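Data block below; observations after.
Every read-out reported here was derived from the displayed coordinates using simple, explicitly stated rules and does not represent laboratory data. These numbers were taken from a predicted model, which means no experiment stands behind them. Neighbour counts are summed over all protein chains in view; Cβ atoms, including those assigned to glycine, are modelled from backbone coordinates with ideal geometry.
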Amino acid sequence: MDRYAPKMKNLAPRDIVARSIETEIREGRGIMNPDHQIEHVWIDLRHLPDYVHEVKLKEVASFFKTYVNLDSRTQLCPVRPSNHYHMGGIPTNAFGEVQGSAGQIVPGLFAVGECACASFHGFNRLGTNSLLELLTMGRYVGERVESYLSEKQISAPKGAGEASLALFSSYLAGTGKENVGRVRLDMRDMMTRKVGVFRHEKGVGEAIQELLTFKERAEKTSVSVRDARWNQELLERWELDNLLDNAMTIAQGALLRKESRGAHFREDYPVRSDDFQYHTLVSMTEFGKVTFGKRLIDMSLFEAKGEYSEHFKIIPRKY
Ligand SMILES: Cc1cc2nc3c(=O)[nH]c(=O)nc-3n(C[C@H](O)[C@H](O)[C@H](O)COP(=O)(O)OP(=O)(O)OC[C@H]3O[C@@H](n4cnc5c(N)ncnc54)[C@H](O)[C@@H]3O)c2cc1C
């Protein structure tokens, strides 16, 4: 990281560290892990006192011990980037009330946590801010739902749940030869290579075509146990459809956004552009057929030029 962020080194923002590691691997300085057949770089924690390994980095140190049998106190440890959070999601206001494309509230529909977008993280969530958002918004939204329920007589609409039961019955009835786990792994591998840390027009375009094929393969899967109780494979079959929907909207959103901003990095458009100073709104009613809209970013704080506004000026990212 000396090369990529001379001042902040490993403490540079995660999107920059992720791109730095990926660049090392791409330029042939990665290390191939023989067991997992995955390339990585090394992180050196050997100079840190035992207290840090045993208390501060207890979970990280135990990962290295458990999964690759390495002692972070005395040995170099393997790291590489991995997708672990989704910025964006279901647009909501500060009370978790879901908002439609014109900002109108959808009565009775609430979203909170990682699936929601209450605009805490922009394009680059900072460490620990997800759990902080969960605790804060969980409380706010819980209280709002409680008052909503006390104000209104709510009854489940006729046929509620029938669509989901029919979907799960179709999974249980599947007779195809494809394996759920195999399709998930192949899709994950493709998305990591083509819509991962580095993106460009050609790769993302190919990914969208390949996702159509993955959807066909998903529909040719079958689950080995035809019982809905305690059926992990059935859950993974259902999650596969959810993952495919997310992957398709992410890929199409990445193709549309011809710029780089936070965790979205386009090699063919490596700088940020004010032409894209908005949230991309996506909806998809049929797999692959994505409709786009725009939700403007609230810049009133900047335009107000209040006290300390100087501190919030958008500046080049140098670490
Ligand atoms: C490896 C890793 C490390 C992380 N480290 C940190 C960290 O250090 N600090 C931090 O702030 N954040 C961290 N995060 C992010 C944080 O953990 C997540 O953002 C957070 O757990 C999301 O919580 P959630 O309740 O919104 O969603 P989830 O924890 O994803 O829970 C959603 C639940 O809903 C269930 N579900 C989904 N669909 C349905 C459905 N249709 N019906 C019923 N149930 C459904 C799922 O099975 C799941 O149990 C990390 C994430 C990962 C993956």
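Worth pointing out:
- In region 162-296, Cα pairs under 8 Å separated by at least six residues give a relative contact order of 26 percent.
- When the Cα gyration tensor is reduced to axis lengths a ≥ b ≥ c, the ratio a/c is 1.5 or higher for region 80-239, and with a/b not above b/c it is classed as oblate.
- The string of couplings for region 111-121 from the Karplus curve (6.51, -1.76, 1.60, θ = phi - 60°) is 9, 8, x, 4, 6, 9, 10, 9, 6, 9, 10 Hz, one whole number per residue in order, with x for Gly and Pro.
- Rounded if a/c under 1.5, otherwise prolate or oblate - region 90-151, Cα gyration tensor axes: oblate
- Farthest toward the positive end of the dipole of the chain, out of Phe110, Phe302, Val290, is the Cα of Phe302, where the dipole comes from beta carbon charges about the Cα centre.
- Net charge of neighbours whose Cβ lies under 12 Å from the Cβ of Ala116, counting Lys and Arg as +1 and Asp and Glu as -1: -3
- For peptides 80-89, 212-221, 12-21, sequence by mean Cβ density within 10 Å, most packed first: 12-21, 212-221, 80-89
- Candidates Met248, Met137, Met191, ranked by Gaussian network fluctuation over the chain, Cα under 10 Å, top entry: Met137
- Taking the empirical scaling 2.2 N^0.38 Å for compact globular proteins as reference, region 1-103 has a Cα radius of gyration ratio of 1.42.
- Loop-located trypsin sites (Lys or Arg not before Pro) in region 155-210 (DSSP state not H, G, I, E or B) with no more than 15 neighbouring Cβ atoms inside 10 Å: Lys158, Lys177.
- Its relative contact order, with pairs defined as Cα atoms under 8 Å and 6+ residues apart, puts the chain at 13 percent.
- C-alpha center-to-center spacing [region 209-233, region 57-109] in angstrom: 25 Å
- Cα-based convex hull volume of the chain per residue, rounded to whole Å³: 203 Å³
- Protection proxy ranking for 250-258, 224-232, using the average of other Cβ atoms within 10 Å per residue and placing the highest first: 250-258, 224-232.
- Working from the Cα coordinates of region 170-319, the gyration tensor eigenvalues give, after taking √(5λ), semi-axes of 39, 17, 14 Å in decreasing order.
- The charge dipole of the chain, taken about its Cα centre with unit charges on the Cβ of Lys, Arg, Asp and Glu (plus for the first two, minus for the last two), comes to roughly 480 debye.
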